[in-house]
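The values are calculated or read from the model by the stated rules, or taken from the named source; none is laboratory data. Since the model is a prediction, treat every value here as computed from it, not as a measurement. Neighbour counts run over all protein chains shown; Cβ positions are idealised from the backbone, glycine included. Just the protein is used for accessible areas: all its heavy atoms, side chains included, with ligands, DNA and RNA removed. Shrake-Rupley method; radii C 1.70, N 1.55, O 1.52, S 1.80 Å.
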Amino acid sequence: MTTVAVLGNTLRNPGAACAADLALAGHAVHYALFDPEPGALDVVRSRGGFDLQGDPATYFSRKTGTAPLARICDSVVDAIDGAEVVLIDVPPPELEPRFATLLPHLPPEVVVHVQSPGYWSAARLTPMLRRAEREDVLVTDAVAPTHEAILHGNVVRG
């Protein structure tokens, strides 16, 4: 089991879908939002996670159903505490400022995956890591197939 922190810009569909899918695959998922609206996580908290629906064949876990989250955090810094992998779901213009808030708090040897419709995320963040002397952090990027998920309350449907 891997501890994965999934961080979103808002209660966006890709982050929610990835969090649910990874939880159903057996990983310990910490979930948090950058600058959440008041009460944004209330439904997710009250249910203990997301309910993933859709065709199981489209998910990494190959499962649907209740996806319990290990932690639902009020801050992204709390969510990355103890994470082995950090998945960031943000629009391209917000990538560097959001990453700058995380950089001083990244756990050692962490893998940071940027889930964004943007471009060259890993190349954009690598200079920041070098300036911070964080050669231990690996950054990857891609657009996962969950980008078309629909989110309503705590229900994610792919």
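Descriptive notes on the structure:
- If R0 is taken as 22 Å, the Cβ-Cβ distance between Thr2 and Asp78 corresponds to a FRET efficiency of 0.75.
- Surface accessible to a 1.4 Å probe, per residue, for the residues of the chain, Å²: 48
- A cut-off of 5 Å between modelled amide H atoms, ignoring neighbours fewer than 5 places along the same chain, links Val86 with Ala5, Val111, Val112, His113.
- Relative intensity, log₁₀ I(q)/I(0), of the chain from a Debye sum that treats every alpha carbon as a point, q = 0.10, 0.15 Å⁻¹: -0.31, -0.72
- Long-range amide H partners of Leu33 with built H, under 5 Å: Gly8
- Using a probe radius of 1.4 angstrom, the carbon and sulfur fraction of the accessible surface of the chain is 55%.
- Inter-part distance where segment 115-130 and segment 1-70 are each reduced to a Cα centre, Å: 23
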